[in-house]
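Visitor: Dropping the structure in here first, questions after.
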Amino acid sequence: GKVDLAVDLIRKAVAVAPDYAEAHYNLGAILHDLGKLDEAAARYHRALAHQPDYAKAHFNLGNTLKELGKLDDAAASYGKALALQPDYAKAYYNLGVVLHMLNRLDDAAASYQRVLAIEPNYAEAHFNLGNALNDLERPDAAAASYGNAIAIRPDYAEAHNNLGNALKDLGRLDEALAHCRRALSIKPDFAEAHYNLGVLLQKLGKPDA
């Protein structure tokens with residue numbers, strides 16, 4: 001937990017050995033955790049200049065660029081990590097997040113599907129695939145993905161809430177109501193689920209509730 005000392009020691013290491021890719025990478029990771037994103041990105045670039053096949057450095061550079069709002073560059077970095085390590089599930093997942101932010105919904109869905117081919121029990125990937133499919137106006141497929149997330153993590157409040165929304169769009173209001181209530185039993189302060197429950201109760205002709 002002595003971050004300042006860690007930074008000082010790693011800076012000394014790269015002063016002695018400027019081509020020490022792992023040291024640049026580790027310094028980037030610490031700077032990222034300190035919120036110094038531009039400096040972190042520069043260190044990951046230095047690591048990659050000395051070791052271009054460093055998949056984890058491409059991945060962490062992608063994460064940093066995403067936080068800096070440089071979404072196209074982040075997607076490119078994740079792509080480089082995946083070219084080096086094709087089974088890098090977390091890189092596919094984060095690539096999916098960035099592609100969704102770029103409104104490249106089909107590509108985002110495909111990226112989440114690649115995650116699930118590698119790690120079928122990745123609940124968050126099922127959930128985010130559901131979100132992409134929902135934005136593609138495919139509520140049946142979205143509902144199935146949310147259901148898969150819940151099968152893996154029964155206490156996944158956000159998945160219950162979003163499944164409720166998908167079921168509402170499909171006209172399955174009683175099932176939708178059950179999932180919104182389940183979301184709130186798990187997470188009582190979930191404002192969005194309270195709102196969605198209100199919408200459902202109104203549709204069901206229960207304005208007082």
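Visitor: Taking Ala159 as the residue in question, decide whether it is more than 20 Å from Leu99 (Cα to Cα), crowded, with 19+ Cβ neighbours inside 10 Å and touching a residue at least 12 places away in the same chain (Cβ under 8 Å).
Guide: Considered against the rule, which asks whether it is more than 20 Å from Leu99 (Cα to Cα), crowded, with 19+ Cβ neighbours inside 10 Å and touching a residue at least 12 places away in the same chain (Cβ under 8 Å), Ala159 comes out as yes.
Visitor: Out of Arg138, Arg114, Arg104, Arg153, which single residue is surrounded by fewer than 23 Cβ atoms within 10 Å (Cβ to Cβ), among the basic types (Lys, Arg) and farther than 30 Å from Ala55 by Cα?
Guide: Arg138
Visitor: Within segment 117-128, which residues are assigned to a helix (DSSP H, G or I) and open to solvent by 10 Å² or more (accessible area, probe 1.4 Å)?
Guide: The answer is Ala117, Ile118, Glu124, His126, Phe127, Asn128.
Visitor: Any idea which of (1) in a helix (DSSP H, G or I); (2) of a type outside the set (Val, Ile, Thr); (3) at pLDDT below 95 is the one Lys66 doesn't satisfy?
Guide: Checking Lys66 against (1) in a helix (DSSP H, G or I); (2) of a type outside the set (Val, Ile, Thr); (3) at pLDDT below 95, the one that fails is (3).
Visitor: So His45 ticks every box in (1) at pLDDT 95 or above; (2) under 20 Å from the mean Cα position of the chain (by Cα); (3) not aromatic (Phe, Trp, Tyr) but one. Which box is left unticked?
Guide: (2)
Visitor: Whether any residue in segment 51-66 is of a type in the set (Asp, Glu), under 30 Å from Ile150 (Cβ atoms), open to solvent by 70 Å² or more (accessible area, probe 1.4 Å) and without any contact (Cβ under 8 Å) to a residue 40 or more places away in the chain is what I want to check.
Guide: Checking segment 51-66: not a single residue is of a type in the set (Asp, Glu), under 30 Å from Ile150 (Cβ atoms), open to solvent by 70 Å² or more (accessible area, probe 1.4 Å) and without any contact (Cβ under 8 Å) to a residue 40 or more places away in the chain.
Visitor: I've got another one for you. Residues that are out of contact with any Ser or Thr (no Cβ under 9 Å at 6 or more places or on another chain), closer than 30 Å to Ala57 by Cβ and not in a helix (DSSP H, G or I): does segment 148-169 have at least one?
Guide: No, segment 148-169 contains no residue that is out of contact with any Ser or Thr (no Cβ under 9 Å at 6 or more places or on another chain), closer than 30 Å to Ala57 by Cβ and not in a helix (DSSP H, G or I).
Visitor: Okay, next question. Could you tell me whether any residue of segment 170-185 is touching a Phe, Trp or Tyr at 6+ places or on another chain (Cβ under 8 Å) and either assigned to a helix (DSSP H, G or I) or aromatic (Phe, Trp, Tyr) (or both)?
Guide: Scanning segment 170-185, I find at least one residue that is touching a Phe, Trp or Tyr at 6+ places or on another chain (Cβ under 8 Å) and either assigned to a helix (DSSP H, G or I) or aromatic (Phe, Trp, Tyr) (or both), so the answer is yes.
The values are calculated or read from the model by the stated rules, or taken from the named source; none is laboratory data. Just so it is clear, the model here is predicted, and its values are computed rather than measured. Ideal geometry is used to build each Cβ from the backbone, glycine not excepted, and the neighbour counts take in all protein chains shown. Ligands, DNA and RNA are stripped out before the accessible areas are found, and what is left, the full protein with its side chains, is counted by its heavy atoms. Shrake-Rupley method; radii C 1.70, N 1.55, O 1.52, S 1.80 Å.
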